[in-house]
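Just passing along the structure, written as structure tokens.
The values are calculated or read from the model by the stated rules, or taken from the named source; none is laboratory data. Since this is a predicted model, take the numbers as computed values, not measurements. No Cβ is skipped: glycine too gets one built from the backbone with ideal geometry, and neighbour counts run over all protein chains shown. Just so you know, the surface numbers come from the protein's heavy atoms only, side chains and all, with ligands and any DNA or RNA stripped out. Shrake-Rupley method; radii C 1.70, N 1.55, O 1.52, S 1.80 Å.
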Amino acid sequence: MKISVIGTGYLGVTHAAALSSLGFDVVGIDIDSEKVSSLKKGIVPFFEPGLQELVEEELQGGRLQFTNDFSNAKDCEIHFICVGTPQRKDSLAADLQFVDSAIEMIGPVAKTNSLIVGKSTVPVGTAERLAKRLSELNPSVELAWNPEFLREGFAIEDTLRPNRLVVGVTSDQAESKLRKVYESLIAAGIPWIRADLPTSELVKVAANSFLATKISFINAMAEICEVAGGDVTVLAKAIGYDPRIGSKFLQAGIGFGGGCLPKDIRAFMARSEELGAKQSLEFLREIDSINQRARQRVIDLVRLEIGSDLKGKRIAILGAAFKPDSDDVRDSPALDIAEQIAAAGAVVTVHDPKALGNAKRRSPQLTFVDNVETCVKDASCILHLTEWKEYRDLDPVAILKRVKEPVIIDGRNALDRELWEKSGWRFRGLGRTTR
Ligand code: UDX
């Protein structure tokens with residue numbers, strides 16, 4: 001079976017390479033010719049563990065190719081739409097221009113009786129609207145929706161071994177075509193859920209809203225621990241043993257960022273308002289505020305530790321990516337905090353193992369260095385904001401000699417507090433009392 005994947009961003013490249021590794025002939029299509037020419041050479045323009053190697057392997061195997069010419073998709077049975085749906089600049093809603101134009105481009109060239117499958121995260125109702133448009137462009141082609149749930153840093157694993165496969169379809173033929181694509185995953189026992197189009201769109205945003213709620217819940221508990229003298233890391237561990245709650249996504253800290261959770265909960269709120277059900281998702285506004293407050297609280301902690309006037313103080317920031325094992329800085333809490341501290345007059349130096357290039361492009365006003373030793377030199381305070389393994393492995397004794405003041409604030413509650421304190425550091429964590 002020949003398959004096309006439209007959009008070669010993070011989701012599209014992973015999906016294309018994964019399908020190719022399952023034995024399909026895959027053509028990845030993008031309008032960005034720079035991206036396409038780098039992918040043709042086997043260069044993945046972002047960091048995702050294992051993806052570069054997988055793309056190289058599949059290109060060499062001859063089943064995977066990249067192009068910016070939509071006519072190369074004319075023999076394909078299935079077309080997956082993997083384009084971005086970022087937040088609009090003028091509102092909380094999602095910008096759907098890329099999905100709309102993908103349908104306009106692929107619709108007319110898609111072969112008779114082929115299937116177009118949306119994977120992008122869209123506001124509920126989008127698939128039905130696009131299906132209507134497609135019936136005008138090419139009536140023999142059907143539309144289905146198959147949301148992705150992949151996490152950055154685990155993209156290949158989440159694509160080839162997802163927790164579940166959800167397909168929104170309007171016919172048995174569409175479902176059986178998708179079953180053929182995912183045959184080996186279904187055989188491996190991955191749960192298969194058939195839904196209608198709106199439910200399949202909602203599953204994705206509901207899942208992300210739940211995850212965001214869990215993170216903000218524990219960050220609200222962190223706020224309470226701070227005023228009541230508790231320790232949120234112990235609290236999270238204790239409630240996490242209840243299987244109804246579960247221990248995952250209860251890591252208190254500076255909160256969620258990235259290209260998905262923040263924009264998805266905002267677009268969901270905007271859509272609920274359009275549907276006349278604003279009240280149902282009003283709580284997500286609070287989830288968003290708790291998340292934004294976490295960024296402020298870490299800055300308050302810095303002022304508490306080294307004085308409220310930050311002018312001229314050297315502050316070392318460990319981490320710029322929104323999470324470890326990623327070079328993505330979209331809505332990154334770490335970079336946001338770095339920018340705010342620099343705007344308050346501090347001399348900020350930022351380190352990140354992989355995200356320096358993207359961080360520099362987004363925040364050219366900051367100073368970036370590629371090694372931790374230079375980053376922490378003469379610092380009055382170190383802020384640990386992205387929990388890379390490299391930071392957990394740091395030797396607090398060696399670092400102590402390089403700083404001006406031995407103050408470390410763990411914005412991710414991921415460092416070994418005992419070890420740092422034993423080595424002579426003043427250690428602070430969000431939601432944890434001082435000892
Ligand atoms: C998320 C969803 O997990 C994924 O299913 C969906 O398809 C896309 O959005 P991703 O954006 O890659 O994936 O990141 P995720 O691992 O979910 O983390 C999101 C943010 O939450 C990160 O900034 C992370 O640091 C933060 N986080 C996560 C916490 O602050 N605490 C936690 O306990 C977990």
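Mind checking the log10 I(q)/I(0) for the stretch 1-160 at q = 0.08, 0.16 Å⁻¹? Debye, one equal scatterer per Cα, no solvent, two decimals.
-0.21, -0.86
How much area per residue is accessible in the stretch 294-429 when the probe is 1.4 Å and only protein heavy atoms are counted (Å²)?
I get 40 Å² per residue for this part.
Beyond 31 Å between alpha-carbons counts as too far, so tell me which of 237/313; 2/360; 89/360; 132/354; 263/401; 323/401 fall in that bin.
Table pairs above 31 Å Cα-Cα are 237/313; 2/360; 132/354; 263/401.
In the stretch 16-40, which residues have a backbone nitrogen under 18 Å from the label point lying 7 Å from residue 69's Cα in the Cα-to-Cβ direction?
Within reach of a label on residue 69: 26-40.
Which net charge results when you count Lys and Arg as +1 and Asp and Glu as -1 among the other residues whose beta-carbon is under 12 Å from that of residue 31?
Charge balance in the 12 Å sphere: -4.
Now for a different question. Please compute the length gained on full extension between residue 343 and residue 274, using 0.36 nm multiplied by the number of residues separating them and subtracting their Cα-Cα distance.
Additional length available on full extension: 21.1 nm.
Still on this model: Can you pull the one-decimal nm distance between simple spin-label points at residue 57 and residue 227, each 7 Å off the Cα toward Cβ?
5.3 nm
Which percent of the accessible area of the stretch 89-191 is formed by carbon and sulfur heavy atoms (probe 1.4 angstrom)?
It is 52 percent, rounded to a whole number.
Which residue fluctuates most in the GNM of the chain (Cα springs below 10 Å): 309, 264, 242?
242
Mind checking the log10 I(q)/I(0) for the chain at q = 0.06, 0.08, 0.09 Å⁻¹? Debye, one equal scatterer per Cα, no solvent, two decimals.
Evaluating at q = 0.06, 0.08, 0.09 Å⁻¹ gives log10 I(q)/I(0) of -0.28, -0.50, -0.62.
May I ask for the Kirkwood hydrodynamic radius of the stretch 362-421, worked out over all distinct Cα pairs and given in angstroms to one decimal?
For the stretch 362-421, the Kirkwood estimate is 12.3 Å.
Now, a different point. As a test of the formula, what do you get for the chain when each DSSP H run with n ≥ 4 contributes -39,500 (n - 2.57) and the sum is divided by the residue count, at 222 nm and rounded to the nearest 500 deg cm²/dmol?
When only DSSP H runs of four or more count, the value is -13500 deg cm²/dmol.
Going from most exposed to least, what order do 337, 190 have by accessible area with a 1.4 Å probe?
In descending accessible area the options line up as 190, 337.
Hey, another quick one. Given a Förster distance of 30 Å, report the FRET efficiency between residue 186 and residue 135 from their Cβ-Cβ distance, rounded to the nearest 0.05.
After rounding, the FRET efficiency stands at 0.55.
How much area per residue is accessible in the stretch 2-195 when the probe is 1.4 Å and only protein heavy atoms are counted (Å²)?
42 Å²
OK, next. Of 1, 269, which has the most accessible area with a 1.4 Å probe, and how do the rest follow in descending order?
The residues order as 1, 269, largest area first.
Now a separate question. Run the numbers on the stretch 320-394 and let me know its relative contact order in percent, using alpha-carbon pairs under 8 Å that are six or more apart.
The normalised contact order for the stretch 320-394 reaches 34 percent.
By accessible area of protein heavy atoms, probe 1.4 Å, what ranking do 433, 85 get, highest first?
433, 85
Follow-up question, since we're still on this one. With label points built 7 Å along Cα→Cβ from the Cα atoms of residue 245 and residue 369, find their separation and express it in nm.
It works out to 4.1 nm between the two label points.
Taking 7 Å along the Cα-to-C-beta vector as the label spot, tell me the residue 206-residue 179 distance in nanometres, rounded to one decimal.
Spacing of the two 7 Å Cα→Cβ label points: 2.3 nm.
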